[in-house]
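Please read the structure below before turning to the comments.
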Amino acid sequence: MWCAPTGFLLDSRVKFARGHRTPGPADRFGGRPWQAGPVTSVDWNDDGVTIAGLWTYAWAAKRRPFLHPVRTPAGHVLTVDAPDDHPWHHGLWFAIKYVDDDNFWEEMAPYGVVRHLAAPSITERTDGSVTLTGDLHWTRPDRETVAIEEQRRITHVPIGDDAYAIDLDTTLVPTADVRLDRTEFTTWGGYGG
């Protein structure tokens, strides 16, 4: 996700290619070796759901939901959760830096949180695609005031035996007038989602 001066790109598609894979450190995620399963396999745990054995959506995360690990079809893990230099980065996630002046990006007090109201619903289709749909609240740092109501849809799209896409569709509805903003321009550009 990225922020352009004229608006936000809210739909993205990522394609991963299959390659040779040998067991390695990535096998520690999920507590078992990675295995290619049926494209429509859906496995629930206490705070997340794993789709096709390829990616896990941590829908019940305390600060914001995210995808991690995200694997290639060959099993290589592409995401990192909370690296030492950016502990607020959690795998693949969506955020807007500022809603008004409230920070929804970094997890340094005070900051806002994004949470699902309930576990996402799952729709499995005969083409092998799987869609997770859920309602979320963007809650300000006071942990009471909802700034934005969101409907999020994440779809696993099989492209072939060696590739898949993750589509993110999100609708943001503010509960009152809000200003969505990003960081100031730096040598890396501005970022916001």
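The values are calculated or read from the model by the stated rules, or taken from the named source; none is laboratory data. Keep in mind it's a predicted model, so treat the numbers as computed, not measured. FYI the Cβ positions are ideal-geometry reconstructions off the backbone, even for glycines, and counts take in every protein chain you see. To get the accessible areas, we keep the full protein, side chains included, count just its heavy atoms, and leave off ligands, DNA and RNA. Shrake-Rupley method; radii C 1.70, N 1.55, O 1.52, S 1.80 Å.
Here are a few things to note about the model shown:
- Of the residues contained in segment 166-184, one or more are found to be assigned to a strand (DSSP E or B), more than 18 Å from the chain's Cα centre (by Cα) and modelled with pLDDT of 95 or more.
Yes/no per residue for (1) charged (D, E, K, R); (2) over 24 Å from A147 (Cβ atoms); (3) modelled with pLDDT of 95 or more:
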position	(1), (2), (3)
G75	no, yes, no
P87	no, no, no
D101	yes, no, no
G112	no, no, yes
I122	no, yes, yes
D127	yes, yes, no
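- Strands (runs of 3 or more DSSP E) contained entirely in segment 87-149, each with at least 3 residues that are open to solvent by 20 Å² or more (accessible area, probe 1.4 Å): 121-124, 130-139
- Checking L67 against (1) over 29 Å from A176 (Cβ atoms); (2) in contact with a Ser or Thr (Cβ under 8 Å, 6 or more places away or on another chain); (3) open to solvent by 50 Å² or more (accessible area, probe 1.4 Å), the condition it does not meet: (3)
- Checking each residue in segment 71-86 for being part of a loop (DSSP other than H, G, I, E, B) and under 16 Å from L54 (Cα atoms) picks out T72, P73, A74, G75, H76, L78, T79, V80.
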